[in-house]
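Following: one structure in structure tokens, then a few remarks.
The values are calculated or read from the model by the stated rules, or taken from the named source; none is laboratory data. For clarity, every value in this text was computed on a predicted model and none was experimentally measured. Every residue, glycine as well, gets a Cβ built from its backbone with ideal geometry; the counts of neighbours run over all protein chains shown.
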């Protein structure tokens, strides 16, 4: 009987012959003047912050208690409902009925109604790309999205850090209050001949 041994024996105590070095990539600002856009091939779409739409007394509570996380998900749904309902009906201000409903109705009912409002938002008509990436905001000052309904409609289509315009909205993920920027792949540049 013969022993099939490997053709070459390896000395595992020998030092490696290849050395890998890593260094941070410093992206230079190019044509757009913004390192993220120039270095990654992404273009900025919009800044999203659900907390900015909370009533002023709640924003004061945030400063005292430290964070949007001080509110439960149920509280966030109840805070968002009157304004989203008003925007969906074409009104500038929330109605007394919307406020009363947000307090009296079960939170599951409010979530179902919010999902219906968010599903009706035409994100393609608003010029949003079919695919995007959510990133934490850079220090660059940007104007945030001014519509709460559109803000949570976009955030509701978040799957991890990916935006899928045609996905069904998930109300719970839309109301986490995190400040995010939406970026989309830049249009391909024509090659020089």
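Tabulated values for the structure
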{"read-out": "Test result for residue 83, in a helix (DSSP H, G or I) and either at pLDDT 75 or above or under 18 Å from residue 105 (Cβ atoms) (or both)", "value": "yes"}
{"read-out": "Hits in segment 103-133 (condition: over 12 Å from residue 81 (Cβ atoms) and in contact with a helix residue (DSSP H, G or I) (Cβ under 8 Å, 6 or more places away or on another chain))", "value": "120, 121, 123, 126, 128"}
{"read-out": "Residues of segment 89-101 that turn out to be under 17 Å from residue 152 (Cα atoms) and surrounded by 17 or more Cβ atoms within 10 Å (Cβ to Cβ), as a count", "value": "1"}
{"read-out": "Residues of segment 88-113 satisfying the condition of being in a loop (DSSP other than H, G, I, E, B), at pLDDT below 90 and over 21 Å from residue 49 (Cβ atoms)", "value": "89, 90, 91, 95"}
{"read-out": "Test: residue in segment 114-121 that is loosely packed, with under 12 Cβ neighbours inside 10 Å and at pLDDT below 90", "value": "no"}
{"read-out": "Candidate set: segment 67-80, residues that are within 19 Å of the chain's Cα centre (by Cα) and part of a helix (DSSP H, G or I); chosen: the one modelled with the lowest pLDDT", "value": "68"}
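Here is a yes/no grid of residues against (1) part of a loop (DSSP other than H, G, I, E, B); (2) in contact with a strand residue (DSSP E or B) (Cβ under 7 Å, 6 or more places away or on another chain); (3) at pLDDT 90 or above:
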| site | (1), (2), (3) |
| --- | --- |
| 133 | no, yes, yes |
| 150 | no, no, yes |
| 167 | yes, yes, yes |
| 182 | no, yes, yes |
